1. A:Gly136's amide H: which non-local residues (gap 5+, or another chain) put their own amide H closer than 5 Å, with H modeled 1.01 Å from N in plane and none for Pro or chain starts?
2. Taking other Cβ within 10 Å of each residue's Cβ, how do B:Val245, B:Val127, B:Val70 sort, fewest first?
3. Compute from the Cα atoms of the stretch A:8-246 the Rg and the Dmax, the latter being the longest Cα-Cα distance, and quote both in angstrom.
4. In whole angstrom, note down how far apart the Cα centers of the stretch A:21-43 and the stretch B:81-96 are.
5. Enumerate the calculated ³J(HN,Hα) couplings along the stretch B:164-171 in order (Karplus 6.51 cos²θ - 1.76 cosθ + 1.60, θ = phi - 60°), each rounded to whole Hz, writing x wherever the residue is Gly or Pro.
6. Which whole-number percent of Cα pairs in chain B have a distance greater than 36 Å?
7. If you average 1/r across every pair of different Cα atoms in the stretch B:1-97 and take the reciprocal, what Kirkwood value do you get, in Å?
8. Can you list the HN-Hα couplings for the stretch A:4-15, worked out from phi with the Karplus curve (6.51, -1.76, 1.60; θ = phi - 60°), rounded to whole Hz and with x for Gly and Pro?
Amino acid sequence: MGRLDGKAAIITGAASGIGRATAVRFAGEGAAIVIADLNAEGGEASVRDCKENGGRAVFQKTNVALEEEIKAMVARAVKEFGRLDIIYNNAGIGGAVGPLEQITVEDWDRSQAVLLRGVFLGIKHSVPEMRKAGGGSIISTASIAGIRGFNGLHAYCAAKAGVVNLTRSASLEFAKDRIRVNCICPGGINTPILHRNMPGVKEAMEQWMAHGQPIQRAGHPEDIANMALFLASDDSEWVTGQAMVVDGGLTVGSQFLDQTAGGERPQTGIVPQGFMGPSFEK
Amino acid sequence: MGKLDGKVAVITGAASGIGRASAIRFAGEGAAVVIADLNSEGGEAAVRDCKEHGGRAVFQKTDVASEPEVKGLVDRAVKEFGRLDVIFNNAGLGGAVGTIEEITGDNWDRTLAILLKSVFLGMKYSVPEMRKLGGGSIISTASVAGLAGGRGPHAYSAAKAAVVNLTRSVALEVGKDRIRVNCICPGGINTPLIYNRLPGGRQVGEQFLAQLQAIPRAGHAEDIAAMALFLASDDSEWVTGQAMVVDGGLTAGGRLFGQDQQQRPTIPGGFAGPSFEKN
Ligand SMILES: NC(=O)c1ccc[n+]([C@@H]2O[C@H](COP(=O)([O-])OP(=O)(O)OC[C@H]3O[C@@H](n4cnc5c(N)ncnc54)[C@H](O)[C@@H]3O)[C@@H](O)[C@H]2O)c1
Ligand SMILES: NC(=O)c1ccc[n+]([C@@H]2O[C@H](COP(=O)([O-])OP(=O)(O)OC[C@H]3O[C@@H](n4cnc5c(N)ncnc54)[C@H](O)[C@@H]3O)[C@@H](O)[C@H]2O)c1
């Protein structure tokens with residue numbers, strides 16, 4: 001018995017990385033899936049992966065920045081599977097990067113169109129179908145870059161913060177329809193978005209990213225897929241408006257004191273033990 | 001195949017409400033559970049519930065504010081089941097109520113001992129056992145009252161906020177041991193904690209709590225148990241230091257414009273232009 005038996009899901013950006021891992025996970029739990037992506041080759045490969053995991057899946061070529069294509073994507077889900085229970089707005093790009101003064105307006109707009117407008121459109125066009133189904137789950141991939149600043153990622157940070165707060169405001173509107181709206185904030189996940197098709201980078205990243213957060217291994221697409229599954233399933237029936245952080249502890253805080261158990265971090269020289277009394281006492 | 005097959009969990013406050021629902025859920029997923037509570041009768045009943053769901057369980061009478069008793073609790077888990085993978089620090093109560101001037105120093109201390117020191121003790125004594133296994137999951141029940149003011153009594157709110165931030169600081173320390181530390185912030189959950197004090201009891205609780213948040217139904221102990229299961233399972237292997245809010249949208253925000261509430265001014269649909277322009 002799968003946790004998504006009988007449910008139909010759309011996953012955007014499902015030709016690669018997080019979206020693909022999620023499609024495979026959902027398929028293994030019994031969902032029928034529309035794989036939506038710009039990348040047809042990867043999308044068809046994801047369809048095969050889903051089928052190997054015992055699920056039904058079709059590919060729909062989609063640019064999430066375009067309203068007509070999002071409409072067609074939702075229509076495809078309903079045509080193929082008769083309903084829509086889950087949409088995972090996950091497609092993404094790095095977008096305009098670098099110093100703020102050098103960002104062109106065109107690159108700014110393109111970034112927002114994919115990262116933020118894409119999510120708005122996904123919510124807008126899936127809600128009517130979910131209402132018909134008596135409820136549903138809307139999930140989007142934001143980022144820890146939506147809750148913290150990262151220098152050099154201005155357009156991305158702004159867009160992802162937009163996703164986080166759109167999630168909250170939309171959750172309030174659709175709660176009465178039993179439609180939950182949540183997003184996931186991944187930390188550093190070792191996916192092709194970081195590899196840029198360069199050989200050897202995946203392996204190098206795996207090592208380097210292991211030291212980026214308290215849990216000392218790189219994040220994997222499956223870590224996000226697991227959270228997406230929780231949010232897609234009925235287990236999260238009373239969870240809405242949340243930004244779920246899955247980051248191995250990266251944004252939890254920073255190590256200020258050298259705890260004896262603290263491990264291989266650079267020493268700050270502050271090594272208290274026992275009890276720190278009033279400062280005037282020796 | 002259960003999501004917690006082969007794992008051993010301690011759940012405090014498991015004689016009732018959220019703890020009991022979590023014990024049942026964990027048992028159904030294959031965990032062996034130590035039910036810890038002050039309340040023996042409810043604790044034994046929870047053990048029976050777990051067994052009916054196909055799990056192994058024992059009751060250990062525990063006052064979570066007492067260091068020797070929490071130590072005894074962890075020892076019991078290891079003695080009975082040979083290991084400790086998960087601890088859910090969940091026992092709680094409303095504690096000191098009243099205005100800030102009315103709260104006595106003694107009631108403040110008692111509240112903080114049960115709601116905060118207990119969580120510290122649960123972490124302190126479970127970490128060494130989890131380290132032996134190469135990892136584990138520490139979960140605590142905080143509250144939406146730990147995230148903002150006005151959602152609970154003063155001492156309760158302070159203690160729960162402390163649980164949230166203790167979760168973060170300990171997560172940083174034990175991450176390298178593959179021990180995750182997270183807490184859950186429930187909204188209004190219809191458990192005996194709430195309905196035993198309401199005239200009209202459980203049914204009135206159900207109606208009253210349905211109106212508090214965006215999703216128009218009361219929270220149930222099972223909603224929290226589902227999140228606890230996620231945090232206990234390997235599905236959350238890369239999740240740590242988090243305060244997971246399960247509140248039906250209570251803290252997602254408020255309504256500025258009454259789209260569907262008559263008593264507030266409504267703005268028309270469409271586009272709100274600059275304020276100097278007439279619509
Ligand atoms: N990898 C990370 O470290 C990380 C961290 C935080 C957030 N994220 C977010 O996770 C999401 C998934 O990224 P990923 O890491 O799996 O990267 P990825 O590059 O492996 O996958 C992204 C997919 O989105 C598709 N896509 C891009 N633009 C599109 C468009 N306009 N229309 C349709 N599809 C489009 C790509 O073709 C690709 O298949 C993104 O939203 C990204 O911003 C990633
Ligand atoms: N019900 C809610 O709306 C709500 C909201 C937010 C947080 N919480 C928290 O959830 C947790 C569980 O509460 P619940 O709603 O299931 O209430 P509950 O009263 O049904 O269960 C709490 C259990 O804790 C036990 N307990 C109390 N003091 C103890 C002690 N010193 N040692 C051992 N056991 C003790 C009680 O005997 C009881 O079995 C508490 O930490 C509470 O603060 C509840």
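1. Those qualifying (amide H under 5 Å, at least 5 residues apart or on another chain) are A:Ile179, A:Arg180.
2. Details: B:Val245 25, B:Val127 22, B:Val70 28.
The order, fewest Cβ neighbours first, is B:Val127, B:Val245, B:Val70.
3. So, for the stretch A:8-246, Rg and Dmax equal 16.8, 50 Å respectively.
4. Going from one Cα centre to the other spans 38 Å.
5. For the stretch B:164-171, the Karplus-derived couplings read 4, 7, 5, 3, 5, 5, 6, 4 Hz, x marking Gly and Pro.
6. On the way: 7213 of 38781 pairs.
Everything past 36 Å amounts to 19 percent.
7. Working: mean 1/r = 0.0778 Å⁻¹.
Evaluated over the stretch B:1-97, this radius sits at 12.9 Å.
8. After applying 6.51 cos²θ - 1.76 cosθ + 1.60, I find 10, 3, x, 9, 10, 10, 10, 10, 8, x, 8, 7 Hz.
None of the figures in this text is laboratory data; all of them are computed from the coordinates on show. Note that the structure is a prediction, hence the values are computed from the model and not measured. Note that each Cβ is placed from the backbone with ideal geometry, even for glycine, and that neighbours are counted across all protein chains shown.
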